[in-house]
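Values quoted throughout were computed directly from the atomic coordinates according to the rules given, and no laboratory measurement underlies them. Bear in mind the structure is a predicted one, so any value in this text is a computation, not a measurement. Every residue, glycine among them, receives a Cβ derived from its backbone with ideal geometry; neighbour counts consider all protein chains shown.
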Amino acid sequence: MNLIVLPEEANQRLDIFFLPYLPSSISRSSLQGMIKDGYVKVNDLPVKSSYQVKEKDHIFIEIPERKSLSIEAEDLPLNIVFEDQDIIVVNKEAGMITHPTPNILNKTLVNALLFHSQKLSNLGAPLRPGIVHRLDKDTSGLLVVAKNDSSYLSLFHQIQERRLQKKYQAIVYGKVKEELGRIDLPIGRHPQEGLKMSVMGRNYKEAETTFKVLDRFFLPKFQFSFLEVELKTGRTHQIRVHLSYIKHPLVKDKVYGPKDRFSCPLPFINRQALHAKYLKLLHPRTKKEIEFYAEMPDDMANLLDYLKKESRDK
């Protein structure tokens, strides 16, 4: 792959510059390893990952062949809400990665699913058997997994056609003024920070999120809102990016939250306050509509109780 640095791409680290051009399966640490091993050259010379790219730099990368990676089944805690011969619905705990990556092959939801069930669909990416949609590591809640290829295709098309319904509970910074809201802004890879997503980022795709306010909390120095959020599309980090864009980022979101978030200490929770509480879909075999609910986990529930208790008159 040969690239020439554009004016708006200058003055960023080489490993950050490259990420938007590479498949999502190649992580930043993998890229850094390739740079170190000489697979990347700038103006025909090897450089370090920290090299600051300049306008009109000629950059070349050779992606080495990957060794096949195997995923081990692991006996890990798994909260199964529903299971039959076609699908598994799981209530994922916060802190668990949904599927392996080239750098993280163990202790993911997929490792646990492979231990529980010997058969998952292989139509998706090699490290994502059965996975048709995902939750961020620090987001809890409902996820449906395909046990066979026909179920995978059915669920995939339901997502594409916006027939699979997903609702979340979120606690955000600030007073959300509207009772109901809609955010219809495309999301793509962040132009400077390759690990992040952003509105109107690189290779952006349409993204739509709706929300309604369930409650508001007024503490002496800070305000918070409790939202029900519904995804109409399923872009990476969509809820987090959209809510941050309208100046109401998720509580404790370390990536998209406010830089001064630590000036507002909050008890009970150490991850983004987001929970996938509701899932509705058509069963792949019976074609009947089925729905599932997952109770809010203790950390978010305790934070909500705290905010209610500490809140002043509205």
Original post:
Based on DSSP H runs of at least 4 residues, each adding -39500 (n - 2.57), what is the mean residue ellipticity at 222 nm of the chain after dividing by all its residues, to the nearest 500 deg cm²/dmol?
Top reply: -5000 deg cm²/dmol
Original post:
Between the stretch 155-174 and the stretch 6-61, what's the alpha-carbon centroid distance in Å?
Top reply: 34
Original post:
How do 43-53, 159-169, 87-97 rank on mean C-beta neighbours within 10 Å, highest first?
Top reply: 87-97, 159-169, 43-53
Original post:
Using alpha-carbon pairs under 8 Å, 6+ residues apart, how would you state the relative contact order of the chain in percent?
Top reply: 15
Subject >> Cα-based convex hull volume of the stretch 174-314 per residue, rounded to whole Å³ >> reply: 135
**OP:** Taking only the C-alpha atoms, wrap a convex hull around the stretch 2-61 and report its volume per residue in Å³ as a whole number.
**Re:** 67
Subject >> Karplus 3J(HN,Hα) series, Hz, for the stretch 105-115 with 6.51 cos²θ - 1.76 cosθ + 1.60 (x for Gly, Pro) >> reply: 10, 10, 6, 9, 4, 4, 4, 5, 5, 5, 6
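Can you divide the C-alpha Rg of the chain by 2.2 N^0.38 Å and report the result to two decimal places?
Dividing the Cα radius of gyration by 2.2 N^0.38 Å gives 1.08.
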Subject >> Among 211-219, 249-257, the order from most to least packed when residues are scored by Cβ within 10 Å on average >> reply: 249-257, 211-219
Original post:
So what's the net charge close to LYS41: Lys and Arg +1, Asp and Glu -1, counting the other residues with Cβ under 13 Å from its Cβ?
Top reply: -2
Subject >> For the stretch 67-161, the fraction of alpha-carbon pairs in successive 10 Å shells from zero, as % >> reply: 17, 54, 27, 1
